[in-house]
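Structure first, commentary second.
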Amino acid sequence: MFYGLGFITLLAQIACAVHIVRSGQHYLWIVPVLLLPWVGICAYVIYNFASGAAQNYAVRRYADNMPNITDPGTSYRQKKRELEMVGSAQAKRVFAEECLKRGRFQDAVDLYQGAAQGTFAEDPALLHGLARAKLLAGDGAGSERAFDALRAADPHAFTQDAHLDYARALALQGKNEQAAAEYEKLSRVYPGEEARCRYAVLLNEMGQREKAQSLFRAIVDAVKSSPSYVRRRQREWLKIAQQNLN
């Protein structure tokens, strides 16, 4: 019995050690796995499950929607009732965010515009929400104006995500040269591969295929050489890059 348990423990330790090396995890994980077998093994498995779940879009989305699984409209109706009862700028912002989640982009635009009035006319959260809602609704020019207003109101609120959506708003209008310049600046500092991938796609559309191919290849190489949790996060952009590689 003890011999069998020891053999199983050894196999589990070997499996964990191999996974640590191949997945690019920190080698220090090997120490507890070898010295404190089942404690270390359980800790490593729990760590990987938790970090993988946190980075996996499908799992995150499932977790975010767990309260609404029995009735997918619960959150929407609840926030709509709160808006009808309170009618504040905050209630409009919260309901607008719910509309964005559900693809009701024009409704979100109307709510943000209604909220960004008077003392809230230069509220960074409302301006950012309005700019993103207009982008998703297909109004590139309106999105650009809202992002310009956001940057004027609070330059610090013009985050890397805002910068990325600003470039997308320019591209949506066919302002390709301006969009490419924004993507190029952003691709040097934006975490992950989205900015670089969108830049490569735009360059491809502009006929700059050699430069686009170089970026697509760099994306593929970078993602494939990354740890597993990074590969999971960048799966969408890796797929686009692979599809566009000649």
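The values are calculated or read from the model by the stated rules, or taken from the named source; none is laboratory data. In this text, all values refer to a predicted model and were calculated from it rather than measured experimentally. Because the Cβ atoms are built from the backbone with ideal geometry, glycine has one as well, and the counts that use them run over all protein chains shown.
Listing for the model above:
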{"quantity": "Qualifying position, being at negative phi and under 21 Å from the mean Cα position of the chain (by Cα), among A212, A152, A146, A179", "calculated": "A179"}
{"quantity": "Region 138-148, residues that are of a type in the set (A, V, I, L, M, F, W, C) and surrounded by 18 or more Cβ atoms within 10 Å (Cβ to Cβ)", "calculated": "A146, F147"}
{"quantity": "Helices (runs of 4 or more DSSP H) contained in region 124-189 and holding at least 3 residues under 15 Å from V201 (Cβ atoms) and touching a residue at least 24 places away in the same chain (Cβ under 8 Å)", "calculated": "160-172, 176-187"}
{"quantity": "Failed criterion for A200 (all others in (1) touching a Lys or Arg at 6+ places or on another chain (Cβ under 9 Å); (2) in a loop (DSSP other than H, G, I, E, B) hold)", "calculated": "(2)"}
{"quantity": "So K101, is it outside the structural domain of L215 (by TED's automatic domain parsing) and in contact with a helix residue (DSSP H, G or I) (Cβ under 7 Å, 6 or more places away or on another chain)", "calculated": "no"}
